Structures are given as structure tokens and as C-alpha cells.
């Protein structure tokens with residue numbers, strides 16, 4: 001054996017050892033899922049799949065909704081956390097003790113259980129809360145004025161609360177995704193923002209604007225961000241990989257919506273563009289507003305959750321009301337004499353009736369077998385990154401009427 005071969009035999013193990021030693025411990029400290037283990041889930045939840053919640057990266061408050069009569073004193077709870085991390089229970093006096101999966105947790109009397117997740121390298125940590133609340137039947141009709149808003153913890157963009165409207169109490173929009181693409185933007189430069197005193201009655205209203213996503217958006221081939229507002233989930237961790245899938249629509253509802261009345265004001269941007277940023281001649285941008293009711297469980301009992309791919313086309317949709325559009329998806333003209341269907345830069349109240357494709361099952365409706373979607377957008381093709389930069393939709397005093 002020559003000297004070169006001997007040297008190679010000595011160096012290779014040293015390099016391999018160095019690689020193993022250099023491997024860093026995990027820095028993540030997230031709860032990925034929370035599971036409540038019950039022998040008879042239907043005695044507690046409306047659906048068996050409600051016993052497990054997937055926790056998206058931006059959420060730290062996990063809330064389970066159970067039937068109004070359910071006992072929630074001692075429920076076996078399991079937390080799936082990121083690899084290598086450790087989870088602790090945080091007491092009222094801030095002392096911590098290790099949490100053992102499957103432990104019986106008391107959620108009675110509106111108790112909020114707090115947890116601390118510490119990363120494998122012990123440098124990073126994150127706090128979570130888990131609670132179980134009893135369902136309070138709604139009266140059906142909903143009023144939405146968009147006046148309850150605040151800045152997110154980073155101070156970058158606005159969040160709107162709607163505790164009297166949705167089970168999770170919060171409107172969703174694409175602002176968290178816009179933060180990734182244009183981190184230098186000020187709060188009022190985001191696609192979804194409040195307008196103080198800008199409503200038709202002098203109250204605060206909502207402004208949705210189609211914005212340029214900047215250099216990062218061009219790299220990701222997501223050139224524009226339509227201002228939006230909807231109920232459901234926006235998974236920002238998946239927004240760049242699959243924006244349509246990241247936008248999940250709807251929350252369970254126990255009433256039959258028949259129409260929505262809402263005050264709108266709209267100004268289209270100057271130049272409509274396709275996904276590649278090419279100007280499309282003769283097309284004027286349009287706003288979007290819709291109400292959807294859909295079955296949230298398939299024949300096998302699996303959860304159905306509509307997303308950006310099928311929010312308006314899923315076969316599970318039973319009722320749909322939408323602001324009419326006067327252009328086809330390919331840009332061809334439907335009604336060139338009235339391209340934005342009467343929604344102008346002056347406030348006006350618009351009525352959107354809900355048309356049904358199938359009869360509702362009364363028992364399923366009472367048992368939350370249907371989910372409701374209410375959505376607004378500044379560009380009708382915004383989900384596919386088509387629209388006009390500068391298009392502005394103002395929204396206020398929306399009312400949903402049910403049978």
C-alpha cells in the first residue's frame with residue numbers, strides 16, 4: 001500500500017467524524033398536532049375528525065369546540081411536537097413540569113392549559129395554549145362591520161376579530177403571506193387594511209387592494225397579491241409552495257343562508273395583467289364577493305375542506321351566491337357595456353342571493369354537517385395572481401340572512 005492510500009484511510013474517518021460532530025441539534029419548537037382521545041367522540045364532537053387539530057405555524061392558541069352538554073374535566077391529551085423538542089406544562093405561578101402524552105387534562109370551567117415547547121438545542125422556546133369550549137348555538141343571521149381589528153404581534157399587518165361570527169373568532173386574509181414577499185411594507189401598505197371613518201355611515205371599514213409583491217414575488221412567480229377577507233385557515237408556511245392549497249375556506253354552520261347584503265365601493269386598477277405580468281387589453285378588473293355552503297364530510301366520514309382550488313367549484317357545494325362577473329376566466333367579454341356590474345367608486349348596498357343545488361338535510365345541518373364561507377377580494381382572479389395593481393374594494397356592514 002502506498003503512502004497516498006494510507007493517508008486516504010486516515011483522512012476519511014476524520015472527515016466523517018467531523019461531519020457527525022458538526023450536525024446541529026434541531027432549533028424548532030413547535031406543536032404540530034393536538035389530539036384529544038375519547039372512546040365515543042360523537043358524545044363530545046360533531047365529527048370524529050374534530051378530535052385532532054393540525055397546528056399551523058402562526059397559531060399558538062388551539063381551541064376545540066364541543067357539544068354544549070359535553071363533559072370536559074379529564075380528557076387524555078397528546079401533543080405531537082417537532083423532533084427532539086421537549087414540552088412542559090406551565091402552571092399559574094409559571095413553574096413548569098414535563099408533559100406526558102396521554103395525560104388527563106382538565107378543560108372544565110373554561111380552563112386554558114398552557115404549554116412550553118423547548119427546542120432540542122435548548123436555545124429556542126414557544127408558548128401555546130389549549131382550551132375546550134362548549135358550542136353556543138347561533139341565531140343564524142350574522143352582522144359583520146370590520147371594526148374590531150389590531151396589529152399582529154410583529155406589528156406588521158392587521159388582524160380582524162369576529163367572535164360573534166365564526167367559531168375561531170377571526171377573519172383570515174393573505175397579509176401573513178405578503179409579509180414574506182415584501183417584509184419592508186408598512187401596515188397600511190398591505191393588501192388588507194382598515195380605513196378609519198371611511199365607511200358609508202362614517203364608521204371604520206375594510207379596504208382590500210391588489211398590490212405588487214416586489215422582487216421576491218417575481219422570483220416566486222406570484223407577481224400580485226389581491227386583498228382578501230374570508231373565514232377559514234390561511235397556512236402561511238405553505239403559502240409559497242402552494243398558495244391555493246394554503247388557503248382553506250369555511251367553518252361549520254347550523255343555518256341555511258339565503259342572502260347577503262353588503263356595502264361595497266370599488267375602483268379598478270389601471271392595467272389588468274395575467275399571471276406572467278403581461279397586460280391583457282380590453283379587460284377591466286372586477287371585485288369578488290361570495291357566500292358558499294358546502295358539505296364538510298364525505299360518504300366515508302372523512303373531512304372535506306375546500307381550498308383555493310375548488311372554493312367555487314367543488315361538488316360538495318350545495319348553496320352558492322356570488323357577485324356576478326362580466327368577463328370569462330380567459331378574459332373574453334361578457335357584458336362590455338357594464339364591466340364592473342354597477343359596483344363603482346360610490347358606496348352602494350349590494351344584495352347577493354344564495355342559490356341551492358340540492359336540498360339540505362335538516363339533521364345534518366343541526367349537527368354541523370355543512371360549512372359556511374363568506375369571502376371578499378379586490379381582484380376576481382387574484383387567487384391565480386391575475387388582476388390589476390391598485391384595484392381597491394371597500395367593504396362595510398355586511399349582513400347574512402338565514403332561514
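Among the criteria (1) closer than 30 Å to residue 201 by Cα; (2) modelled with pLDDT of 95 or more, the one residue 139 does not fulfil is (2). Residue 245 fulfils the conditions (1) in a strand (DSSP E or B); (2) under 21 Å from the mean Cα position of the chain (by Cα) except for a single criterion, (1).
Within segment 153-180, residues that are in the same structural domain as residue 384 (by TED's automatic domain parsing) and on the phi > 0 side of the Ramachandran plot have Cβ atoms under 6 Å from residues that are surrounded by fewer than 18 Cβ atoms within 10 Å (Cβ to Cβ) and part of a loop (DSSP other than H, G, I, E, B) in these pairs: 169/163, counting only partners at least 6 apart in sequence or on another chain. Scanning segment 81-108 for residues that are farther than 16 Å from residue 120 by Cβ, in a loop (DSSP other than H, G, I, E, B) and in contact (Cβ under 8 Å) with a residue 24 or more places away in the chain returns 101, 102, 106, 107. Scanning for something in the same structural domain as residue 45 (by TED's automatic domain parsing), surrounded by 14 or more Cβ atoms within 10 Å (Cβ to Cβ) and over 26 Å from the mean Cα position of the chain (by Cα), does segment 92-102 turn up at least one residue? Checking segment 92-102: at least one residue is in the same structural domain as residue 45 (by TED's automatic domain parsing), surrounded by 14 or more Cβ atoms within 10 Å (Cβ to Cβ) and over 26 Å from the mean Cα position of the chain (by Cα).
Look at segment 109-129 and say how many of its residues are within 23 Å of residue 28 (Cα to Cα) and in a strand (DSSP E or B). So that I can check it myself, show each step before the final result.
Here is the first cut: in segment 109-129, the ones within 23 Å of residue 28 (Cα to Cα) are 113-129.
With the extra rule that they be in a strand (DSSP E or B), the set shrinks to 113-118, 125-129.
Of the residues in segment 109-129, 11 are within 23 Å of residue 28 (Cα to Cα) and in a strand (DSSP E or B).
Collect the residues in segment 132-152 that are touching a residue at least 60 places away in the same chain (Cβ under 8 Å) and part of a loop (DSSP other than H, G, I, E, B), keeping them in residue-number order. 135, 136, 137, 138, 140, 141, 145, 146 - these are the residues of segment 132-152 that are touching a residue at least 60 places away in the same chain (Cβ under 8 Å) and part of a loop (DSSP other than H, G, I, E, B).
What about residue 233, is it at pLDDT 95 or above, assigned by TED's automatic domain parsing to the domain that holds residue 293 and surrounded by fewer than 22 Cβ atoms within 10 Å (Cβ to Cβ)? For residue 233, the condition - at pLDDT 95 or above, assigned by TED's automatic domain parsing to the domain that holds residue 293 and surrounded by fewer than 22 Cβ atoms within 10 Å (Cβ to Cβ) - is not met.
The values are calculated or read from the model by the stated rules, or taken from the named source; none is laboratory data. No experiment lies behind these values; they were computed from the predicted model shown. Reconstructed Cβ throughout: ideal geometry from the backbone, glycine too, with neighbour counts over all protein chains shown.
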